[in-house]
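The values are calculated or read from the model by the stated rules, or taken from the named source; none is laboratory data. Everything quoted here is computed from the prediction, not taken from an experiment. A quick note on method: Cβ atoms are made from the backbone with ideal geometry, for glycine too, and the neighbour counts reach across all protein chains shown. These accessible areas exclude ligands, DNA and RNA; they are computed on the full protein's heavy atoms, side chains included. Shrake-Rupley method; radii C 1.70, N 1.55, O 1.52, S 1.80 Å.
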Amino acid sequence: KKIVDHNVGSVFIEPVSGKENHRYKMVHDFVYNPNSKKYCRDENDGHVPVKQKNSLGLLTLVEAERVTMAEDLASARDIINVIRPALESVGFTVLSTKLASPGYQNTVVIFVLSEGYVLARTFVESKYVAFDIHLWSNTHKTEEIKAALLNAVGSSESSAYSIIAGGMYGHPNWRNDERNRGPKLKDPCSTSLDAPKRKNIPMPETVVGAVIDESTHLLSDKDDVLTVTICGTKRSPCYSHDAISSHNSVKHAVPIHTCGSIVGGVEFLRDSAKRMYECELEVISMLQSLVSTQRRKIDSLVIDPRSSFAMAQVVHKVLSKAKNRKKFFTSDLLVLAPMLDTTETWRRILLDKFRTLYLQEPVFRTEVLFNSTTATMELGAFRSGDARFMDHVIEVASKIEKRTGLVSDIRNFEGGVLRFQPDFEPTHFFLHEDYEHQSAFSQWTLQKPVGYQTLLQLKTRGSNQNRELSSEKVNAMLEGAIERLNIKTEAGPMLFSDMADGCVAAAIFSWGSVVVLWDGKYHLDVNLFTYDDNANFVDEFKAAMTQSTPWVKLDERDFMPRGYNRVVNFKSDLEETLDDPIWAPIRNRA
């Protein structure tokens, strides 16, 4: 994709240079995941069971700020006249409305719908309205109802927070809700729309040779390379050796063919260990002779596509010993492993073994695919001692594309262990004032939290018939909590039970409100709002409400501040912090 500069200020990351390889400048490791889940529409999607198995709901808390209709929301009747048409305009059915004016210069109205409930809490002088939208049907229309409410009150700035909560069993629209729930996937999961598979046509030998030839440029800092190629049997061709031996920078190239003792594989032979050991000694002898004759160490190792798994095991065995690596190979080794058969994953594993053997940075391993319309091949590469290996891989891939017409795709790039730098001295210290804090500090000082909202999700435990809930029992639970805590209500408790199998019970106090939703089976949602931050009261209310029903247990608890001016903190957060926060701009701190 084309690199886009979004003109975002930066202290550490360099500005976009426009170069194609800039996207790799800050990369140390990345891995392409071919097994990432691809979402598609299964043929069974949309199938609705005969019997309703679950009931999900969605609670959305909306902060409507800078309301232009504030004067039209001065009374509860005015609120109803503004909000009710908005709800009905997006297809919701209003069954009942209950209102109260509990002081604090605000009014609370509850709209009970066939599909859910909406609680509106107005703060006229602050031009702010807090909405609680809890839907158990038509949850897919949450954005529509939110937009309608914001438009109705004339809000020019808003924020919202959603929580998956309980719903209600037995609603006549539950089948449509099942169909509409979740993302709408358009692409079917059938293989007919999958990417067309490449034909099983081998990559031409000339192309393989060209890839190997160009890949030798990864040793761009050397012009007298000594290389060894691990080939197949002596009777089979070794294209990698043929290609690399003719390269200008290669001074001497030697093929090592698969040992005769392990040709055909030895995994299931009784004397497999003996044969592998004999091959190991043979390889060590050849390397010893090569290094002694050339009077220098080996710069490059190539694993030809025709080399066998057993031979690769022997090579790994040889190099896994530190004395052999030090004796035969340079510290800045290049290993190439072209792969024509993508099922031979052992080649990738072998390269990764090199990364763990050499360990310390700069050490890198990469996998690059080269694709044509009919075939694909993979080039695996390992390099030690080259801090700019990624840049060199990009350059080589570009050259291969121009020479062969193939399309390259860098899939994996992994480094080694970063070196510890004792007595490290940074080139620059980024101080607190180097970063922009003014917008965050303005939000901190301007936000106005007005309340503390909690959603308690309760569930019944056990299947005893005596532990079953009912609308009357849920209402009694709410009434019991209000009585035990000596709460004076402005409205309620109110019970609404004519919309489906469950019910809604609500009460409004001078210092808050509570709405309880029962799904008709075993789930309760307790939506509790208080003007003061008092987490202890929430615990007391929950205990008082479940005192007569101890089998109703807390399942989940969410709590958040309510307010305006992009509120994110509770009242207590601001009250406890008399001074500016430590992260505030220095000029704002005493």
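For the chain, the longest principal axis of the C-alpha atoms and the axis of helix 471-484 are separated by about 80°. When the Cα positions of Gly260, Ala481, Val552 are compared along the charge dipole of the chain, Gly260 comes out farthest toward the positive end, with charges on each C-beta of Lys, Arg, Asp and Glu. Report the net charge of residues surrounding Glu71, where surrounding means a beta-carbon distance below 11 angstrom and charges are Lys +1, Arg +1, Asp -1, Glu -1. Taking every Cβ under 11 Å from that of Glu71, the sum is -2.
Under 5 Å between amide hydrogens, built in the peptide plane, is the criterion, and for His28 it picks out nothing among residues at least 5 positions away or on other chains. Centroid-to-centroid, using Cα positions, region 498-577 and region 97-168 are 16 Å apart.
Taking amide H atoms as placed 1.01 Å from N in the peptide plane, the amide H of Leu113 lies under 5 Å from those of Leu95, Val118, each 5 or more residues away in sequence or on another chain.
Just the number please: accessible area per residue for the chain, 1.4 Å probe, all protein chains included, in Å².
Here the residues of the chain average 53 Å² of exposed surface.
Amide H contacts under 5 Å for Ser155: Thr68, restricted to partners 5 or more places along the chain or on a different chain, H placed in the peptide plane at 1.01 Å from N. Cα centroids of region 418-461 and region 278-326: how far apart, whole angstrom? So the two Cα centres are separated by 53 Å.
Atom-type composition of the exposed protein surface of the chain places 50 percent of the accessible area on carbon and sulfur (1.4 angstrom probe).
Ranked by the mean number of other Cβ atoms within 10 Å per residue, highest first, peptides 320-331, 246-257, 449-460 order as 449-460, 246-257, 320-331. For the chain, the relative contact order comes to 14 percent (Cα pairs under 8 Å, sequence separation of at least 6). For Tyr117, neighbours were defined as the other residues whose beta-carbon sits under 11 Å from its Cβ, and their charges (Lys and Arg +1, Asp and Glu -1) total -2. Among the listed values (i) 87, 70, 56; (ii) 112, 66, 37; (iii) 100, 66, 43, the one computed from these coordinates for Cα extents along the principal axes in Å is (iii). 3J(HN,Hα) couplings calculated from phi for region 298-309 with the Karplus curve 6.51 cos²θ - 1.76 cosθ + 1.60 (θ = phi - 60°) are, in sequence order, 7, 8, 9, 10, 10, 9, 5, x, 8, 5, 9, 4 Hz; Gly and Pro show x. Against the main long axis of the alpha-carbon atoms of the chain, helix 142-153 sits at an angle near 50°.
Couplings 3J(HN,Hα) for region 168-180, derived from phi with the Karplus relation 6.51 cos²θ - 1.76 cosθ + 1.60 (θ = phi - 60°), are 8, 6, x, 5, x, 9, 5, 5, 5, 4, 4, 6, 8 Hz, where x marks Gly and Pro.
Remark: spin-label model distance Leu281-Glu143 equals 7.3 nm, labels positioned 7 Å along the Cα→Cβ axis. Which residues among region 346-372 fall inside the zone where the amide N is under 18 Å from a point 7 Å beyond the Cα of Val291, along Cα→Cβ? It comes to 354, 357-359, nothing else. The packing ranking, built from the mean of other Cβ atoms within 10 Å per residue, places the peptides 203-213, 482-492 in the order 203-213, 482-492, highest first.
For the chain, the longest principal axis of the alpha carbon atoms and the long axis of helix 346-358 meet at an angle near 90°. Working ranking of peptides 142-153, 523-534 by packing, defined as the average number of other Cβ atoms within 10 Å per residue, highest first, is 523-534, 142-153.
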